[in-house]
Amino acid sequence: MYMPSKIRTQLYLDARQKKVLEEKSVKMGKSVGYLIREAIDEYLRLSESEEGPIAPDDPLWGILGLGESITDDGSGSERHDEHIYDREHESWKKDGAE
């Protein structure tokens with residue numbers, strides 16, 4: 001008896017998900033089902049990985065905490081634009097430019 005390598009499964013997508021998947025399907029020349037299986041495989045690979053989605057030695061980790069030194073009151077992440085651009089503006093005044 002023939003056993004298919006895939007098991008039929010039903011899932012619900014919202015209208016946006018369906019539209020984007022159909023557009024990508026046409027653009028990439030792959031079926032919507034293939035794209036969904038590919039996304040599930042990637043999700044499973046990342047969730048089963050001991051390292052998680054970002055490897056421990058990834059340079060991306062270097063940016064964590066950069067905003068902590070901007071201000072002493074802990075508002076660096078919430079008001080970063082204000083702190084960064086006000087500081088730049090103050091340095092421009094010191095340089096004689098306005």
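Since every read-out is calculated from the coordinates, none of them should be taken as a lab result. Being a predicted model, the structure only gives us computed values, none of them experimental. Note that we place each Cβ from the backbone using ideal geometry, even for glycine, and neighbour counts take in every protein chain shown.
The table below gives the values:
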item	result
Rh (Kirkwood; distinct C-alpha pairs) - segment 15-54, Å	11.1 Å
Peptide ranges 33-45, 5-17 listed from the most packed, as the mean C-beta count within 10 angstrom indicates	33-45, 5-17
